[in-house]
Amino acid sequence: MAATLGRRRTLKIMSATAAILPFVPRARATVPAPMILDDMSGEPGRSKLGTRWAGFTDQVMGGRSTGGARPDVILDRTCLRLSGRVNTNGGGFIQLALDLEPGGVPLNASDYQGFELDVWGNGEEYNCHIRTTDVRWYEQSYRATFQSKPEWQTIRLPWSAFAPHGLTAPLNLKGLQRVAVLGWMRDFDADVAVGRVALF
């Protein structure tokens, strides 16, 4: 009987103690706002990082693709437009690339989930490639694909979408050196434009 009363008193004390504990809300993980790398609002060809865009073809390595990049306005949107003919006879690409190393320092994107692109295109499929400090050869990169439309659309490419090519190292998010949009490895007329690029 005494033991039963003791247990009851203990339960009452525990209940009273629990009743006065303050409520502590669970901490939420903070999600950073998108980091805009360029929205084409400044000097043509220069990003918000202060780095330059460059357009080139496989002719730099003896290929036969033709084309280039230029500032343009499409559907009232300022952009950089990449257009030309991709020829897989001896090469197979044209590309629009953004340097991600302001002052020679690679971009640290470890707080973000991927790249976000505002793109317009001619309905063809295009590639997005990333170069990092682990890349030692021009054929190496981390690659994703996306489908374009003849309208502006925002495309999110999470890091998991980028597959290594010619590399075994995982994508080093603290060492991004370049991101590029490409007409890639099939014979077709490429026409794609970038209106904004950001990290999300």
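The values are calculated or read from the model by the stated rules, or taken from the named source; none is laboratory data. Since the model is a prediction, treat every value here as computed from it, not as a measurement. So basically every Cβ, Gly included, is an ideal-geometry build from the backbone, and we count neighbours across all protein chains shown.
Couple of notes before you dig in:
- Scanning the stretch 122-161 for residues that are more than 16 Å from the chain's Cα centre (by Cα), surrounded by 15 or more Cβ atoms within 10 Å (Cβ to Cβ), of a type outside the set (S, T, N, Q) and farther than 16 Å from PHE93 by Cα turns up ASP134, VAL135, TRP152.
- Residue satisfying condition, being closer than 24 Å to GLY45 by Cβ, under 17 Å from the mean Cα position of the chain (by Cα) and at pLDDT 95 or above, within set LEU182, LEU173: LEU182
- Filter result (without any contact (Cβ under 8 Å) to a residue 60 or more places away in the chain and farther than 21 Å from PRO170 by Cα) within the stretch 90-132: GLY90, GLY91, PRO102, GLY103, GLY104, GLY123, GLU125
- Of all residues making up the stretch 162-185, the number that are charged (D, E, K, R) and either surrounded by fewer than 19 Cβ atoms within 10 Å (Cβ to Cβ) or in a loop (DSSP other than H, G, I, E, B) (or both): 1
- Filter pass, SER110 being surrounded by fewer than 16 Cβ atoms within 10 Å (Cβ to Cβ) and under 26 Å from GLY50 (Cβ atoms): yes
- Flag if VAL179 is under 14 Å from PHE93 (Cβ atoms) and either without any contact (Cβ under 8 Å) to a residue 40 or more places away in the chain or not hydroxyl-bearing (Ser, Thr, Tyr) (or both): no
- Of all residues in the stretch 94-133, those being more than 29 Å from THR30 (Cβ to Cβ) and not in a strand (DSSP E or B) number 4.
- Among the residues examined, ARG156 does not qualify as more than 15 Å from TYR112 (Cβ to Cβ), assigned to a strand (DSSP E or B) and not β-branched (Val, Ile, Thr).
- Per-region count, the stretch 74-95, residues under 23 Å from the mean Cα position of the chain (by Cα) and within 18 Å of GLU43 (Cα to Cα): 7
- Filter result for the condition that a residue is surrounded by fewer than 17 Cβ atoms within 10 Å (Cβ to Cβ) and under 22 Å from ILE94 (Cβ atoms), over PHE188, PHE115: PHE188
- From the list ARG85, ARG70, ARG136, the lone residue that is more than 25 Å from PHE188 (Cα to Cα) and either assigned to a strand (DSSP E or B) or without any contact (Cβ under 8 Å) to a residue 40 or more places away in the chain (or both) is ARG136.
- Against the test of being more than 27 Å from LEU173 (Cα to Cα), surrounded by 18 or more Cβ atoms within 10 Å (Cβ to Cβ) and of a type in the set (Val, Ile, Thr), the options VAL73, VAL60, VAL86 yield a single qualifying residue, VAL86.
- Scanning the stretch 143-193 for residues that are touching a Pro at 6+ places or on another chain (Cβ under 7 Å) and among the polar types (S, T, N, Q) turns up just one, GLN177.
- Test result for ALA144, within 17 Å of SER47 (Cβ to Cβ) and either touching a residue at least 12 places away in the same chain (Cβ under 8 Å) or touching a helix residue (DSSP H, G or I) at 6+ places or on another chain (Cβ under 7 Å) (or both): no
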